[in-house]
Amino acid sequence: MINDENNIVLAVMGAVGNGKSSTLNSIIQEPLFASGRAVGPVTKQIGNCLRYWRLPKVGRTVHIVDTPGICDSTYKDVANVHLMVEFFKSLSHGVSAFVLVFNVHDTRLDEYTKNMLRLFERLLGPQFWKHVVIVFTHVDEDQRSYLEDNINALTDPREGFVQVIRQWFQFSYQLPIVFLSNHDTRYSQYAHNCFLELYDAVVAVENGPRREKFTCTFFQEVNNRTGVVQDNFIAQRIRSAVAAIPQMIQAGSKAVVNVCSVM
Ligand SMILES: Nc1nc2c(ncn2[C@@H]2O[C@H](COP(=O)(O)OP(=O)(O)OP(=O)(O)O)[C@@H](O)[C@H]2O)c(=O)[nH]1
Ligand SMILES: [Mg+2]
């Protein structure tokens, strides 16, 4: 049952091509979501479905939500905002973990990614961070020793990746960080261990201090409405969240103009 409260609800987010769809496919051990290398984004729609978490076999069902990648293109920005509206509707029963997916070979936190994180925080509230898991893909077994210096830099307690995010958004707790490979996951003990770490991280944020899934006033308010009224409400909330992020406006980004003009 899609609304069973025992389901893990997992949403992946991140830049185009970072391995979001592949990570979900690895978890369920099924090529459900299209993945690959392309000039533009491969995932163009929100995809969600219910499956067993199979890597590793944990005996729990997972409601997985795949999203199109964040990218810096005017046309795609407009499309992504429309899709985000659908995204929030589909998550209105609560979320175990928001998995932010990065590629270990490209760990820049660019302004666009930062603005999208600001937008999520603004819409969902700062409690959103308590349900975030950071994932780095492309940490393949045969690359692991070569990547060890990168991994140490990213996890550095004073200057590492999570530390930078914590400083930007000014929260004091740690975010779980998982390094994994989506390459050849079927028989690999290494992949099994990586995904066990991911499962443990998801369960840890799901069972945070409040021992419950993430929900927020915004989700509840969305749920209290239906049809066109619900659509208009979501659009209005996104528009005011964007307007409240000075960096998005100062950037003079066409994305902001488009966000406002499509709603
Ligand atoms: N070697 C290796 N390749 C990976 C890994 N994760 C993803 N890939 C490859 O990276 C490419 C992009 O992966 P996707 O899963 O399609 O990425 P995405 O984030 O869903 O991309 P969009 O939907 O376009 O935003 C594919 O060719 C994957 O096979 C990994 O851990 N190791
Ligand atoms: Mg994808």
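Read-outs: derived from the displayed coordinates by stated rules, not from any lab. Here the structure is a predicted model, which is why all the values come from computation and not from measurement. A quick note on method: Cβ atoms are made from the backbone with ideal geometry, for glycine too, and the neighbour counts reach across all protein chains shown.
Below is a table of values for the structure above.
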read-out: Over segment 99-202: Kirkwood hydrodynamic radius from C-alpha pairwise inverse distances, Å; value: 14.6 Å
read-out: Built amide H within the under 5 Å cut-off of Cys49, gap 5+; value: Ile64
read-out: Most to least packed among 231-239, 219-227, 15-23 [average Cβ atoms within 10 Å]; value: 15-23, 231-239, 219-227
read-out: Proximal charge balance of His183 [Cβ under 11 Å; K/R count +1, D/E count -1]; value: -3
read-out: Mean Cβ neighbour count within 10 Å, used as a protection proxy, ranking 101-112, 141-152 highest first; value: 101-112, 141-152
